[in-house]
Amino acid sequence: MKRAPSRKLAQAVALGRIGIGTFAVLAPGPATRPWIGPVANRSDVQLLARVTGGRDLALGIGSLVALVNETSDARAWVLASGGADLVDMVATLAYFSRLPRWTRWGILASTFGAAACSLVAASGLGDTKHPSTDPSSTIG
């Protein structure tokens with residue numbers, strides 16, 4: 001994938017992650033009910049939903065800032081985000097038979113899709129160098 005489409009794809013995934021993370025932090029029950037069902041109303045589950053939402057919010061913001069500023073760590077941020085989605089996908093598969101029947105396929109598809117999009121986007125980003133941090137760009 002070429003760099004411009006990769007950057008746009010990575011930005012779209014980052015914005016989605018920011019949205020989902022914010023939703024999980026602010027409304028953990030409704031945010032996680034499709035994934036885990038009625039146990040989403042328990043306070044201990046909501047604590048974990050908020051923690052996970054905070055992770056997604058941080059990964060999304062970090063990715064977006066790195067992508068917008070075209071810093072050299074943009075690819076690493078996108079790969080880390082994809083790695084988190086990959087863990088979500090494996091965990092979803094591990095508990096698949098115990099997840100709500102009406103949503104489990106959609107949840108699995110979304111975790112797989114987010115991981116795949118991040119990994120495809122990262123492969124097209126390459127090593128971006130920000131001019132102010134790239135020593136080879138200085139004239140001396």
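Throughout, read-outs are computed from the coordinates displayed, never taken from laboratory work. Predicted model, so just to flag it, every value in this text is computed and none were measured. We place every Cβ from the backbone using ideal geometry, glycine too, and count neighbours over all the protein chains shown.
Based on Cα contacts under 8 Å between residues 6+ apart, the chain shows a relative contact order of 34 percent. When only alpha carbons of the chain are considered, Rg and Dmax amount to 17.1, 64 Å.
Each residue of region 22-30 was assigned a 3J(HN,Hα) from its phi angle through the Karplus curve 6.51 cos²θ - 1.76 cosθ + 1.60 (θ = phi - 60°); the sequence is 4, 4, 5, 5, 7, 9, x, x, x Hz, with glycine and proline shown as x.
Ranked by how many other Cβ atoms sit within 10 Å of their own Cβ, fewest first, the residues D88, D44 fall in the order D44, D88. Normalised radius of gyration (Cα atoms, divided by 2.2 N^0.38 Å) for region 1-68: 1.28.
The angle separating the long axis of helix 74-94 from the principal Cα axis of greatest extent in the chain is about 20 degrees. Taking a point 7 Å out from the Cα of W102 in the direction of its Cβ, the residues of region 19-57 whose backbone N falls within less than 19 Å of it are 29-42. Annotation: the residues R98, R104, sorted from fewest to most other C-beta atoms within 10 Å of their own C-beta, follow the order R98, R104. Exposure proxy shown here: for F96, F23, the number of other Cβ atoms within 10 Å sets the order, fewest to most, as F96, F23.
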